[in-house]
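The block underneath contains the structure these notes are about, expressed in C-alpha cells.
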Amino acid sequence: MGSKKVVNNYGSFDVTFVKGKGSTCWDINGKKYIDFLAGIAVNCLGHNFKPLVKAVSKQAKKQIHICNYFVSDVGVQFAEELLKATGFSGVYFGNSGGEGNEAAIKLARKYGFLNGGAKRHVIYTLESSFHGRTMATLTATGQDKFHPDYFAPYVSGFKTIKPNDWEAIKTAFDDTTAALLIECVQGEGGVNLIDPEWAKAAAKAARDAGAIVMADEVQTGFGRTGALLASDELGFEPEVVSFAKGVAGGIPMGGILFRGKAAGVFKAGDHQSTFAGNPLACAAGLVVLHELQKPGFLDSVKEKGEYIRKEIASWNSPVAGEIRGKGLMIGVDIVQPNSALEIEKELLNAGLLTSTAGANTLRMVPPLNISYKEIDEGLKILKSVLCR
C-alpha cells in the first residue's frame, strides 16, 4: 500500500483506488464502491465528469501555470463570473481551505490594525469549529483535540464562543475584536447547524463593536448545502468568505471573497501564493460554477439531501442517533457503545465511502450530482450496517 512509502498522516485505510465514474469508484482489485464522501466534499461533480475533464485537458494544452506577476485570460474570466454570481467585489485565489482561512485571518488582523491600532487584533471563532492545519488556522479551530501540547506555543489573539449561545454574544465583543469567523455548518465538528437568527445577531454584535464578520465556507461553499454560499441562507452577510474544496471539482483551489469594509484592505505584498489562481484551476472552477448555476441544480442538492436523511430516519436503526444536515452535507450520530470509526470501516468493507466527524458522528458528503440510482445503492449498504 502507498502508506508504506508515504507518511501516513491521515490514518489511511488499506485501499488503493484506480478509477471512478460519477459517484462510483473502483479499487486496484476491481472492487466497486459507492462514493458518499467525494474526497471530503471536493469532487463536487463526481469522478470523470466529462465537461470538467474536457476543460482541464484543453487548458493543460494551452497553459497550466503562470506566476502571479501576470494574469491569465481564464483567471480573469473566472474571477469576473464568480464575483457576479456571489455579489462580492473582490477575490483572492489560493490553493486550499487552510490557505483561504489564513488569508482571511491576515485580512482581519490588518483591518483591525487600520481601524483601532494594535489592540484590535482578536478573532472570535466558534466552539467545535474547524478552520485548517496551519498554525494560525489550527489555533482558530475551536476544538481542544486539535491543540496538542507538542505544537505549542500557539498563535495568540484567538477566542471562542459557543455557537447558538445568545448570552455569549452580549458581552463577547469589544474594541479589541477584529473579526468574528463563523463556520456555516461545522463539518469536522460533527455536521452541527448554526441557527440563522443567532448568526445574524452575533454578526450585528460584532459589527457594533467595530469588527468585520467572516464566513468559513471551505466545506459549505459552492453548492454543498443547496445554495451557492451557505452564508446567504444564514443571512448574516459576511464581509469575507473563505472557500476551497468543491470550487474546482478536484483541482486544488481555495481563497477568499471580500466586500464592504474588507474591500481594499489587502495591498500588493500583503499576502501571496506561488500556485494560486493558476489557469488550470480557474478553468476547472468555471465548469463548476456553470454547473451550479444551471436551473434546478441547487434545488436538486436540497432534494437529494432530504431524501437521504428521511430514508435513514425511517429505518429506526438501533445504531443511528440524531440525523443532521443541510443539502448533501449529512451527519448521523452513532449510538454508543458503537464507534463511528468502526461503522466507517464496516461500510468501507461493504463498498460505501464515508468519513467520521466530531465526537462520534458518521459524515456523508457525496458528489452534488450523484444519481438517485447511486444514492439508493449507497443507502442499501448503509442500511445493512446500521440495521445489522
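The values are calculated or read from the model by the stated rules, or taken from the named source; none is laboratory data. All values reported here derive from a predicted model rather than from experimental measurement. With ideal geometry, Cβ positions are generated from the backbone for all residues, glycine too; neighbour counts draw on all protein chains shown. When the accessible area is computed, the model is the full protein with side chains, heavy atoms only, and any ligands, DNA or RNA have been set aside. Shrake-Rupley method; radii C 1.70, N 1.55, O 1.52, S 1.80 Å.
What the table below lists for this structure:
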read-out	value
Percent RCO, i.e. relative contact order, over the chain, from Cα pairs under 8 Å lying at least 6 residues apart	23
Thr16/Lys145 FRET efficiency (R0 25 Å; Cβ-Cβ; nearest 0.05)	0.30
Helix-only mean residue ellipticity at 222 nm for the chain, each DSSP H run of n ≥ 4 adding -39500 (n - 2.57), per residue, nearest 500	-10500 deg cm²/dmol
Choice from Asn349, Asn369, Asn360 showing the highest fluctuation, given a GNM over the chain with Cα pairs closer than 10 Å	Asn349
Matching label, percent of Cα pairs over 42 Å apart computed from the structure shown, candidates (1) 16; (2) 10; (3) 19	(2)
Accessible area of region 1-156 belonging to carbon and sulfur atoms, whole % at 1.4 Å probe	57
Label-point separation, Ser57 to His290 (7 Å along Cα→Cβ), nm	1.5
Solvent-accessible heavy-atom area per residue, rounded to whole Å², over region 108-157 at 1.4 Å	51
Antiparallel DSSP beta bridges within the chain, percent to nearest 5	60
For region 324-337, Karplus couplings with θ = phi - 60° (6.51, -1.76, 1.60), whole Hz, Gly/Pro x	10, x, 8, x, 9, 10, 10, x, 10, 5, 9, 6, 5, x
Violating pairs (Cα-Cα greater than 21 angstrom) within the set Lys84/Lys304; Lys304/Lys383; Lys61/Lys294; Lys84/Lys110	Lys84/Lys304; Lys61/Lys294; Lys84/Lys110
Cα-based Kirkwood hydrodynamic radius, region 94-205, one decimal, Å	14.4
Whole-percent carbon and sulfur share, accessible surface of region 202-244, 1.4 Å	45
Accessible surface, per residue, of region 237-358 when the full set of protein chains is kept, probe 1.4 Å, Å²	39
Net charge over other residues, Cβ less than 10 angstrom from the Cβ of Phe49 (K, R count +1; D, E count -1)	+2
